[in-house]
Every structure is written in C-alpha cells, then in structure tokens.
1. Please work out which one of (1) over 30 Å from A190 (Cβ atoms); (2) in contact with a strand residue (DSSP E or B) (Cβ under 6 Å, 6 or more places away or on another chain); (3) surrounded by 14 or more Cβ atoms within 10 Å (Cβ to Cβ) is the condition V139 fails and give its number.
2. Could you grab me the full set of residues in the stretch 73-93 that are surrounded by 13 or more Cβ atoms within 10 Å (Cβ to Cβ) and part of a helix (DSSP H, G or I)?
3. It is to be established whether one or more residues within the stretch 85-93 are of a type in the set (D, E, K, R) and over 16 Å from the mean Cα position of the chain (by Cα).
4. Go through the residues of the stretch 172-194 one by one and say whether even a single one is under 24 Å from G107 (Cβ atoms), surrounded by fewer than 17 Cβ atoms within 10 Å (Cβ to Cβ) and over 22 Å from the mean Cα position of the chain (by Cα).
5. Among the residues of the stretch 142-186, what is the count of those that are over 22 Å from D114 (Cα atoms), touching a strand residue (DSSP E or B) at 6+ places or on another chain (Cβ under 8 Å) and assigned to a loop (DSSP other than H, G, I, E, B)?
6. Are there any helices (runs of 4 or more DSSP H) wholly within the stretch 1-72 with 1 or more residues that are touching a Cys at 6+ places or on another chain (Cβ under 7 Å) and under 30 Å from L106 (Cβ atoms), and if so which?
7. Restricting to the stretch 101-131, what's the tally of residues that are without any contact (Cβ under 8 Å) to a residue 24 or more places away in the chain, touching a strand residue (DSSP E or B) at 6+ places or on another chain (Cβ under 9 Å) and more than 23 Å from C71 (Cα to Cα)?
8. Looking at the stretch 38-54, I want the residues that are in the same structural domain as A28 (by TED's automatic domain parsing) and have a partner that is assigned to a helix (DSSP H, G or I) and surrounded by fewer than 10 Cβ atoms within 10 Å (Cβ to Cβ) with Cβ atoms under 7 Å, at least 6 apart or on another chain. Which pairs are those?
Amino acid sequence: MYEGPVQTLIDELGRLPGIGPKSAQRLAFHLLGTDRADAERLAQAITAAARDVHFCQRCFNVAEAEECRICRDPKRDQSVLCVVAEPKDVQAIEKTGEFRGRYHVLGGMIVPIDGITPDKLHIAELLRRMGIEDISEVVLALNPTVDGETTASYLTKQLKALEVSITRIASGLPVGGDLEYADQVTLGRAFAGRTAM
C-alpha cells in the first residue's frame with residue numbers, strides 16, 4: 001500500500017476494465033513520471049468526456065448533442081438500420097465506408113449467466129423505432145460468439161412479426177488467415193457465405 005493520492009490513483013485505475021492491480025500500479029507510476037502538463041491534459045479530457053458526452057436519444061451511440069451526428073445526417077439511408085452491441089462497433093463499421101444507413105446500439109449482448117437479459121438492453125427501444133421509423137431492413141452486426149448468436153436469435157424472433165427484411169453480416173476467414181488454423185464454425189460460415197466470382 002502506498003500513501004494517500006498515489007494509492008487512490010492506483011485504486012481508481014484498477015477499476016477500469018481489463019486493468020489489474022499490477023497494470024494499475026504501472027499506469028499510476030507512468031502518470032506520476034510524466035510532465036505535469038500531460039497529466040493535466042489527460043485529467044481535463046476525462047472530465048470533459050464525463051461532463052459532455054452522453055448517449056444519443058435515438059440510437060444510443062455516443063453523442064455530444066441529443067442525437068449523434070449519424071442520426072442527424074439527412075444523407076444517411078433511413079430505411080436501413082444496423083444493430084450493434086456497443087458504440088465502438090459503430091466506429092468499426094464506419095471506418096469501412098461500406099454502410100450508409102443508421103444504427104441502433106443495444107448496450108451489450110444477452111448473457112443470461114451474467115444476468116444480462118433482454119430487458120437490460122435497448123431492445124424495447126429498437127422495437128419502438130421499428131413502429132415509428134420507415135425501416136425496411138435490419139442488419140444484425142453482432143460478434144460471431146455464443147452471446148452474439150443468442151442475441152441475434154432473440155432479435156430475429158422479435159423482428160419477424162414486423163414484416164421487415166432481417167440480414168446478418170457475413171463472417172468467415174480473415175484476410176491473410178490460414179485454413180488449417182480456422183475453427184469449424186468460422187470455416188463453415190466461410191463456405192455458407194461464399195460468393196460467385
């Protein structure tokens with residue numbers, strides 16, 4: 001245990017996801033060893049983010065206004081809605097430049113063993129949007145994991161009755177990947193999603 005502010009800093013850094021006690025200590029001493037202006041700039045960035053950033057009232061992406069820039073953009077295709085688990089997924093898809101519709105961020109995925117049930121996610125808000133907005137296609141862009149499959153299956157059942165096209169992003173082998181190292185599910189999906197040349 002360290003004294004006062006040093007231990008407090010280590011404790012607070014240790015509360016971040018993926019940061020254990022040793023990493024928290026290493027980060028704390030890195031910050032203590034940096035230029036004071038750099039440390040203050042980091043503190044100001046954290047304070048500004050906590051104060052100014054919230055979630056879009058429509059899609060639950062991060063936003064500085066009531067709605068995020070994507071929801072406010074009139075050039076986006078309003079008839080196609082991409083459902084993702086987290087705001088970071090929106091950024092990953094946006095970097096591709098391939099999707100020009102709008103998004104809906106669930107705020108996680110269904111994980112019953114961890115107590116994350118459909119009512120803890122933004123699924124009710126998604127269904128409400130379906131009744132208000134003129135959406136003809138819902139693209140499920142969820143991770144190809146057990147939790148992603150569970151969530152996609154649940155959403156598909158909920159959306160089927162709404163007479164909307166439900167699609168799922170393709171999954172398969174990454175560029176540069178070797179067949180011999182691919183698991184059976186990934187390789188099977190690669191074959192199922194094959195396209196004509």
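1. (1)
2. Once the filter is applied, which keeps residues that are surrounded by 13 or more Cβ atoms within 10 Å (Cβ to Cβ) and part of a helix (DSSP H, G or I), the stretch 73-93 yields P87, D89, V90, I93.
3. no
4. Residues of the stretch 172-194 under 24 Å from G107 (Cβ atoms): none.
So far as the stretch 172-194 goes, no, none of its residues is under 24 Å from G107 (Cβ atoms), surrounded by fewer than 17 Cβ atoms within 10 Å (Cβ to Cβ) and over 22 Å from the mean Cα position of the chain (by Cα).
5. Here the count works out to 2.
6. By residue number, 69-72.
7. 1
8. none
The values are calculated or read from the model by the stated rules, or taken from the named source; none is laboratory data. What you see is a predicted model, and the numbers here were worked out from it, not measured in a lab. Every residue, glycine as well, gets a Cβ built from its backbone with ideal geometry; the counts of neighbours run over all protein chains shown.
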